[in-house]
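The values are calculated or read from the model by the stated rules, or taken from the named source; none is laboratory data. Values in this document were obtained by computation on a predicted structure and should not be read as measured data. Glycine gets a Cβ as well: all are built from the backbone with ideal geometry, and neighbour counts include every protein chain shown.
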């Protein structure tokens, strides 16, 4: 694009929702970096009330048990306003509805009984539920110019009996099923909240013909947010973008600064995200004259891939990546010298060796947790190489240790790791790591996030190391070298 691209940042609160006190330090940084607003994906962290109050993830009335309490949610909005950050609520209305449909009260609205991901568009109660969610969300975001209704990745569309029967008479089958629901939701917002525009993710549009989209007049109802998190320019093909330019008077884009390179990723891969943003800069330049109104790019930062997925990168772990990506967009390209200089002035200086360089103290929000998570990331890599390796699990796994069914050759080749001294060193390091993480995480996250992080990343490793260490001690360092006879 010939003009500067407006930048917005996605707050994914369905995983590791941060305390307002942390956002109080994070929001000023966004303003300094030229961010115009926030796309806030509340999901189950929003304090719904009345008939839908069960949507809170753990059915709790306090943030330590799941969702924010109203006072905390209001504090977040107040902080955003103080720092001149426009807020756009994101509420799922079709796919990714696990946070609602997992509850027994709403289970009957599932499109596919064994999966709570998709709501059935053929039941009247589905639209009534979504209207109530929208009403509560827009009562809370009373000044919002936009609402994002999600509608992406509707994996189980047209599975139930009602939808199957309905598709028999629909002109465009599954396309009509999806479009009819989206139009109904968008039309509800337009009629009830005439000053609020509707945006949604674009992926379900990609395989629908231009003529069908024009027939539904969808371009007058919604503004698509085109998301692409990879690095290949072929995404910006004329087939897709000419269609979008012809159908939609208004477009948005979505990049990623974290949460898009692996469902269990601990730290972002900055180079991937830099390339993703450079790809968008080049791609938008191709359609500079065709796109009527490009409203901006949202830098997404996913906290988990879906409601039931484990956590990926924590927000503090992604802040340096976010800074690099924002500066890349600001400069129109990635310039290492310029970006390094600007990041240094903002406090983005990190020690090269974890915990050993005491002369360098990073200053960005959550930097201490960033360092500790980076250390954990390196530790897990080392653990996988030494203890959770293919060789180790093939010739010295738990069953083989218990049955003493192994061979001297392979055991001897692993002597450097199969001894209590080495295992004890690993145990000592991860226990020290846990202490450091504990000292830096509680000011940022609630207890349920800490428990999940420890339960998925730290405690399983500790338990395995404890068992290995106990085994080595019981063997007096004499590991099994005599295989059982084989008939």
Based on this model, can you work out whether residue 41 counts as assigned by TED's automatic domain parsing to the domain that holds residue 201, modelled with pLDDT of 95 or more and surrounded by fewer than 23 Cβ atoms within 10 Å (Cβ to Cβ)?
no
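Before we move on, is residue 385 over 30 Å from the mean Cα position of the chain (by Cα) and either assigned to a helix (DSSP H, G or I) or at pLDDT below 95 (or both)?
Against the criterion (over 30 Å from the mean Cα position of the chain (by Cα) and either assigned to a helix (DSSP H, G or I) or at pLDDT below 95 (or both)), residue 385 does not qualify.
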Among (1) touching a helix residue (DSSP H, G or I) at 6+ places or on another chain (Cβ under 9 Å); (2) in a helix (DSSP H, G or I), residue 256 falls short only on (2)
Residue count, region 62-99, condition touching a helix residue (DSSP H, G or I) at 6+ places or on another chain (Cβ under 8 Å), loosely packed, with under 15 Cβ neighbours inside 10 Å and modelled with pLDDT under 95, comes to 1
Quick check on region 331-382: of everything there that is assigned to a helix (DSSP H, G or I), at pLDDT below 90 and out of contact with any helix residue (DSSP H, G or I) (no Cβ under 8 Å at 6 or more places or on another chain), which residue is surrounded by the most Cβ atoms within 10 Å (Cβ to Cβ)?
340
Please give the number of the condition residue 155 fails out of (1) loosely packed, with under 15 Cβ neighbours inside 10 Å; (2) on the phi > 0 side of the Ramachandran plot.
(2)
Filter region 296-318 for residues that are crowded, with 24+ Cβ neighbours inside 10 Å and more than 24 Å from residue 251 (Cβ to Cβ) and give the result.
303, 312, 313, 314, 315, 316, 317, 318
The residue from 147, 134, 130 that alone is touching a helix residue (DSSP H, G or I) at 6+ places or on another chain (Cβ under 9 Å) and either at positive phi or not in a helix (DSSP H, G or I) (or both) is 147
Filter region 265-290 for residues that are free of Cβ contacts under 8 Å to residues at least 60 places away in the same chain and part of a loop (DSSP other than H, G, I, E, B); which is nearest to residue 14 (Cα to Cα)?
265
Just to be sure I understand, how many residues within region 171-213 are loosely packed, with under 14 Cβ neighbours inside 10 Å and either farther than 20 Å from residue 96 by Cα or not assigned by TED's automatic domain parsing to the domain that holds residue 89 (or both)?
8
Looking only at region 115-126, which residues are in a helix (DSSP H, G or I) and buried (at least 19 other Cβ atoms within 10 Å of the Cβ)?
126
Here is a check on your reading of the model: is residue 417 farther than 24 Å from residue 266 by Cβ, outside the structural domain of residue 318 (by TED's automatic domain parsing) and either at pLDDT 80 or above or not in a helix (DSSP H, G or I) (or both)?
no
Options 107, 102; residue that is without any contact (Cβ under 8 Å) to a residue 12 or more places away in the chain, surrounded by fewer than 22 Cβ atoms within 10 Å (Cβ to Cβ) and touching a strand residue (DSSP E or B) at 6+ places or on another chain (Cβ under 8 Å)
107
Can you tell me how many residues within region 291-315 are in a strand (DSSP E or B) and over 28 Å from residue 442 (Cα atoms)?
6
Has region 16-29 got any residue that is assigned by TED's automatic domain parsing to the domain that holds residue 311, touching a helix residue (DSSP H, G or I) at 6+ places or on another chain (Cβ under 7 Å) and closer than 20 Å to residue 280 by Cβ?
no
Taking residue 294, is it touching a helix residue (DSSP H, G or I) at 6+ places or on another chain (Cβ under 6 Å) and in the same structural domain as residue 86 (by TED's automatic domain parsing)?
no
